[in-house]
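The values are calculated or read from the model by the stated rules, or taken from the named source; none is laboratory data. Worth saying up front: this structure is predicted, and the values here are computed from it rather than measured. Cβ coordinates were reconstructed from backbone atoms using ideal geometry, including for glycine residues, and neighbour counts include every protein chain displayed. Each accessible area value is taken on the protein alone, full model and side chains, heavy atoms only, with ligands, DNA and RNA left out. Shrake-Rupley method; radii C 1.70, N 1.55, O 1.52, S 1.80 Å.
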Amino acid sequence: MSATPRETHTTPRRLLARLRRLMARATDLAPRLDGLVHLVAAEFVAEVCSVYVMRPGEILELAATEGLRPEAVHHTRLRVGEGIVGTAAAEARPLNLPDAQNHPAFAYRPETGEEPYASMLAVPVLRGAEVLGVIAVQNRAPRRYAEDEVEALETVGMLLAEMLHGARSAAEEVAL
């Protein structure tokens, strides 16, 4: 009998321990983001994990992905309020959708190759009231993510917020 995602996903303690090890190893932002999406996809038994980072002009840019086409990274952009990712950012709340492509906010981006994925959990990356990005997981099977999965991805989002804030602060210091 095959395991369902619910039976195989990680415990929050294990996920946080693996994230701490990842953060201790990588120093540059890009390798950290790549490691984070790979780890989250594996731990959530998700076929896709993507991180969108806020850019000037309220633009969300795909900064890292596990499962979508790699060439879409740094090329796929959504405005805040556009698509499911943009809506999660605009409303500063998670969107947990078992059939994301049929949601009225869905915005098709052919370069990503996300056509086969039905379910999506998009969580804003928040630092205080500021939205720094969005982290999303997707699966082919339509399903609503469990409350503990939503909470775990929100926790990842908090860690990601600190990582993005730190990278932005370091870039601002270099510019001085």
statement: The condition of being open to solvent by less than 50 Å² (accessible area, probe 1.4 Å), modelled with pLDDT of 95 or more, out of contact with any Leu (no Cβ under 9 Å at 6 or more places or on another chain) and of a type outside the set (D, E) holds, among P98, P70, P94, only for P98
- prompt: Under 9 Å by Cβ, and 6 or more places apart or on different chains, what pairs join a residue from the stretch 71-99 that is closer than 25 Å to R140 by Cβ and in contact (Cβ under 8 Å) with a residue 24 or more places away in the chain with one that is part of a strand (DSSP E or B) and of a type in the set (K, R)?
  reply: G86/R79
query: Identify, please: which residue in the stretch 42-62 is of a type in the set (G, A, S) and open to solvent by 10 Å² or more (accessible area, probe 1.4 Å) and is, among those, farthest from the chain's Cα centre (by Cα)?
result: G57
- prompt: Before we move on, is L62 more than 20 Å from L36 (Cα to Cα) and part of a strand (DSSP E or B)?
  reply: no
- prompt: If we keep just the residues of the stretch 144-176 that are open to solvent by 90 Å² or more (accessible area, probe 1.4 Å) and outside any helix (DSSP H, G or I), which is modelled with the highest pLDDT?
  reply: R144
query: free of Cβ contacts under 8 Å to residues at least 60 places away in the same chain, buried (at least 20 other Cβ atoms within 10 Å of the Cβ) and either aromatic (F, W, Y) or farther than 17 Å from M54 by Cβ (or both): does that describe A118?
result: no
message: Restricting to the stretch 130-165, and then to whatever is under 17 Å from P56 (Cα atoms) and small (G, A, S), can you tell me which residue is nearest to the chain's Cα centre (by Cα)?
response: G133
- request: Kindly indicate whether V85 is part of a strand (DSSP E or B), of a type in the set (A, V, I, L, M), closer than 21 Å to I59 by Cα and open to solvent by less than 20 Å² (accessible area, probe 1.4 Å).
  value: no
